[in-house]
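Trainee: Can you read through this structure? Questions will come right after.
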Amino acid sequence: MRAYKVYAIGNGTVIDHIPSGCALKVYEILRLNEYDHIVTIGMNLESKKMVRKDILKIENKTLSKDELNKIAVVAPNATINIIRNQQISEKFGVEVPDVIEKIIKCPNPKCITRNQHVETKFYKMADKPIEVKCHYCERVFAEFGLN
Ligand code: ZN
(Lines give C-alpha, C1' and ligand atoms only; values in the text may rest on other atoms or scores of the structure.)
Protein backbone atom coordinates (compact mmCIF):
# COMPACT_ATOMS: atom_id res chain seq x y z
CA MET A 1 0.00 0.00 0.00
CA ARG A 2 1.38 3.37 -1.00
CA ALA A 3 1.64 5.89 1.79
CA TYR A 4 0.03 9.25 1.30
CA LYS A 5 0.31 12.44 3.18
CA VAL A 6 -2.13 15.28 3.66
CA TYR A 7 -0.40 17.61 6.02
CA ALA A 8 -1.67 17.77 9.58
CA ILE A 9 -3.44 20.85 10.85
CA GLY A 10 -3.03 22.42 14.28
CA ASN A 11 -6.60 23.63 14.70
CA GLY A 12 -9.73 23.12 12.69
CA THR A 13 -12.03 20.48 11.25
CA VAL A 14 -11.06 17.34 9.35
CA ILE A 15 -13.76 15.54 7.38
CA ASP A 16 -12.63 11.99 6.65
CA HIS A 17 -14.21 9.08 4.76
CA ILE A 18 -15.96 11.17 2.12
CA PRO A 19 -16.88 8.94 -0.87
CA SER A 20 -14.30 9.30 -3.59
CA GLY A 21 -15.17 12.19 -5.90
CA CYS A 22 -17.54 13.91 -3.44
CA ALA A 23 -15.11 16.30 -1.69
CA LEU A 24 -16.07 19.21 -3.91
CA LYS A 25 -19.78 18.66 -3.22
CA VAL A 26 -19.01 18.70 0.50
CA TYR A 27 -17.06 21.93 -0.05
CA GLU A 28 -20.09 23.47 -1.78
CA ILE A 29 -22.64 22.26 0.78
CA LEU A 30 -20.57 23.78 3.59
CA ARG A 31 -20.18 26.99 1.56
CA LEU A 32 -16.46 27.01 2.25
CA ASN A 33 -15.93 29.41 -0.64
CA GLU A 34 -17.49 32.09 1.56
CA TYR A 35 -14.66 31.93 4.08
CA ASP A 36 -10.99 32.70 3.75
CA HIS A 37 -9.88 29.68 5.77
CA ILE A 38 -7.27 27.41 4.24
CA VAL A 39 -8.95 24.27 2.91
CA THR A 40 -6.94 21.22 1.88
CA ILE A 41 -8.70 18.61 -0.23
CA GLY A 42 -7.28 15.13 -0.73
CA MET A 43 -9.00 13.03 -3.38
CA ASN A 44 -8.82 9.35 -4.23
CA LEU A 45 -6.80 8.42 -1.16
CA GLU A 46 -6.48 4.79 -0.18
CA SER A 47 -8.54 3.79 2.81
CA LYS A 48 -8.89 0.78 5.08
CA LYS A 49 -12.66 1.22 5.37
CA MET A 50 -13.40 2.17 1.77
CA VAL A 51 -11.85 1.44 -1.59
CA ARG A 52 -11.00 5.11 -2.14
CA LYS A 53 -11.91 8.16 -0.16
CA ASP A 54 -11.68 11.91 -0.14
CA ILE A 55 -10.67 14.00 2.83
CA LEU A 56 -11.17 17.69 3.52
CA LYS A 57 -9.34 19.81 6.09
CA ILE A 58 -10.47 23.25 7.13
CA GLU A 59 -7.92 25.21 9.11
CA ASN A 60 -8.83 27.29 12.13
CA LYS A 61 -12.54 26.71 11.79
CA THR A 62 -14.70 24.49 13.98
CA LEU A 63 -17.91 23.70 12.17
CA SER A 64 -21.05 22.95 14.18
CA LYS A 65 -22.75 19.55 14.16
CA ASP A 66 -25.78 21.09 12.46
CA GLU A 67 -23.67 22.45 9.62
CA LEU A 68 -21.79 19.17 9.28
CA ASN A 69 -24.96 17.03 9.25
CA LYS A 70 -25.88 18.65 5.93
CA ILE A 71 -23.08 16.73 4.21
CA ALA A 72 -24.68 13.38 5.20
CA VAL A 73 -26.73 13.49 1.98
CA VAL A 74 -23.49 12.95 -0.01
CA ALA A 75 -21.17 11.51 2.65
CA PRO A 76 -23.28 9.43 5.07
CA ASN A 77 -20.23 7.67 6.52
CA ALA A 78 -18.04 10.73 6.96
CA THR A 79 -16.01 10.96 10.16
CA ILE A 80 -15.46 14.38 11.67
CA ASN A 81 -12.36 15.17 13.69
CA ILE A 82 -12.20 18.48 15.52
CA ILE A 83 -8.54 19.38 16.04
CA ARG A 84 -7.33 21.63 18.82
CA ASN A 85 -3.64 22.19 19.48
CA GLN A 86 -2.56 19.35 17.17
CA GLN A 87 -4.80 16.88 19.05
CA ILE A 88 -8.14 15.31 18.13
CA SER A 89 -10.47 16.85 20.68
CA GLU A 90 -13.71 15.45 19.27
CA LYS A 91 -14.58 12.68 16.82
CA PHE A 92 -18.08 11.97 15.54
CA GLY A 93 -20.13 10.85 12.56
CA VAL A 94 -22.81 12.72 10.63
CA GLU A 95 -26.56 12.17 10.53
CA VAL A 96 -28.97 13.18 7.81
CA PRO A 97 -31.00 16.10 9.25
CA ASP A 98 -34.78 15.64 9.63
CA VAL A 99 -35.36 18.60 7.33
CA ILE A 100 -33.05 19.28 4.39
CA GLU A 101 -33.34 22.71 2.86
CA LYS A 102 -31.87 23.91 -0.45
CA ILE A 103 -29.24 21.15 -0.87
CA ILE A 104 -31.30 18.57 -2.78
CA LYS A 105 -32.85 19.18 -6.18
CA CYS A 106 -36.31 17.63 -6.57
CA PRO A 107 -36.16 14.93 -9.31
CA ASN A 108 -39.82 15.49 -10.21
CA PRO A 109 -39.80 17.73 -13.32
CA LYS A 110 -43.36 18.89 -12.52
CA CYS A 111 -42.49 19.99 -8.99
CA ILE A 112 -42.98 23.70 -8.29
CA THR A 113 -39.36 23.94 -7.13
CA ARG A 114 -38.25 23.04 -10.66
CA ASN A 115 -40.40 25.66 -12.34
CA GLN A 116 -40.44 28.61 -9.99
CA HIS A 117 -37.96 30.26 -7.69
CA VAL A 118 -38.88 28.20 -4.66
CA GLU A 119 -36.12 26.80 -2.45
CA THR A 120 -36.37 23.03 -2.03
CA LYS A 121 -37.33 21.42 1.25
CA PHE A 122 -37.23 17.70 2.00
CA TYR A 123 -38.03 15.51 4.98
CA LYS A 124 -35.90 12.52 5.90
CA MET A 125 -37.91 9.30 5.59
CA ALA A 126 -35.02 6.82 5.99
CA ASP A 127 -31.34 7.04 6.80
CA LYS A 128 -29.18 4.32 5.26
CA PRO A 129 -29.91 4.15 2.42
CA ILE A 130 -31.29 7.65 2.39
CA GLU A 131 -34.90 8.37 1.39
CA VAL A 132 -36.40 11.83 1.34
CA LYS A 133 -39.84 13.30 0.75
CA CYS A 134 -40.38 16.58 -1.07
CA HIS A 135 -42.35 19.13 0.95
CA TYR A 136 -44.00 20.48 -2.21
CA CYS A 137 -44.86 17.53 -4.48
CA GLU A 138 -44.85 15.00 -1.61
CA ARG A 139 -43.01 12.38 -3.64
CA VAL A 140 -40.43 10.14 -1.99
CA PHE A 141 -36.99 9.71 -3.57
CA ALA A 142 -33.99 7.51 -2.91
CA GLU A 143 -31.95 9.06 -5.69
CA PHE A 144 -31.64 12.74 -6.38
CA GLY A 145 -29.33 15.43 -7.64
CA LEU A 146 -27.94 18.33 -5.71
CA ASN A 147 -28.67 21.99 -6.16
ZN1 ZN B 1 -40.84 18.10 -5.39
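The values are calculated or read from the model by the stated rules, or taken from the named source; none is laboratory data. Computed from a prediction, not measured in an experiment: that's the story for all the values here. When we count neighbours, we look across all protein chains shown, and the Cβ atoms used for this are built from the backbone with ideal geometry, even at glycine. The accessibility values were calculated without ligands, DNA or RNA, using every heavy atom of the protein model including side chains. Shrake-Rupley method; radii C 1.70, N 1.55, O 1.52, S 1.80 Å.
Trainee: Condition first: open to solvent by less than 40 Å² (accessible area, probe 1.4 Å), within 16 Å of the ligand (Cβ to nearest atom) and closer than 20 Å to Ile58 by Cβ. Can you find one or more residues in the stretch 76-92 that meet it?
Mentor: The answer is no, given that none of the residues of the stretch 76-92 is open to solvent by less than 40 Å² (accessible area, probe 1.4 Å), within 16 Å of the ligand (Cβ to nearest atom) and closer than 20 Å to Ile58 by Cβ.
Trainee: Specify which of the listed residues (Ile41, Ile58, Ile71) is modelled with pLDDT of 95 or more and either over 29 Å from Val140 (Cβ atoms) or touching a Phe, Trp or Tyr at 6+ places or on another chain (Cβ under 9 Å) (or both).
Mentor: Values: Ile41 fails: modelled with pLDDT of 95 or more; Ile71 fails: either over 29 Å from Val140 (Cβ atoms) or touching a Phe, Trp or Tyr at 6+ places or on another chain (Cβ under 9 Å) (or both).
Within the list Ile41, Ile58, Ile71, the selection yields Ile58.
Trainee: I'd like to know if the stretch 110-133 contains one or more residues that are within 9 Å of the ligand (Cβ to nearest atom) and of a type in the set (Phe, Trp, Tyr).
Mentor: The answer is yes, given that some residue of the stretch 110-133 is within 9 Å of the ligand (Cβ to nearest atom) and of a type in the set (Phe, Trp, Tyr).
Trainee: Take the residues of the stretch 110-137 that are open to solvent by 50 Å² or more (accessible area, probe 1.4 Å) and of a type in the set (Phe, Trp, Tyr): which is farthest from Lys25 (Cα to Cα)?
Mentor: Per the criteria, the residue is Tyr136.
Trainee: Answer yes or no: is there a residue in the stretch 20-27 that is out of contact with any Ser or Thr (no Cβ under 7 Å at 6 or more places or on another chain), assigned to a helix (DSSP H, G or I), in contact (Cβ under 8 Å) with a residue 60 or more places away in the chain and open to solvent by 50 Å² or more (accessible area, probe 1.4 Å).
Mentor: Within the stretch 20-27 (the criterion being out of contact with any Ser or Thr (no Cβ under 7 Å at 6 or more places or on another chain), assigned to a helix (DSSP H, G or I), in contact (Cβ under 8 Å) with a residue 60 or more places away in the chain and open to solvent by 50 Å² or more (accessible area, probe 1.4 Å)), the answer is yes, since at least one residue qualifies.
Trainee: Now for a separate question. Could you check the stretch 138-147 and list, in sequence order, the residues that are within 9 Å of the ligand (Cβ to nearest atom) and open to solvent by 40 Å² or more (accessible area, probe 1.4 Å)?
Mentor: Result: Glu138, Arg139.
Trainee: Output the residues belonging to the stretch 93-109 that are more than 16 Å from the ligand (Cβ to nearest atom), surrounded by 11 or more Cβ atoms within 10 Å (Cβ to Cβ) and not in a strand (DSSP E or B).
Mentor: Val94, Glu95, Val96, Pro97
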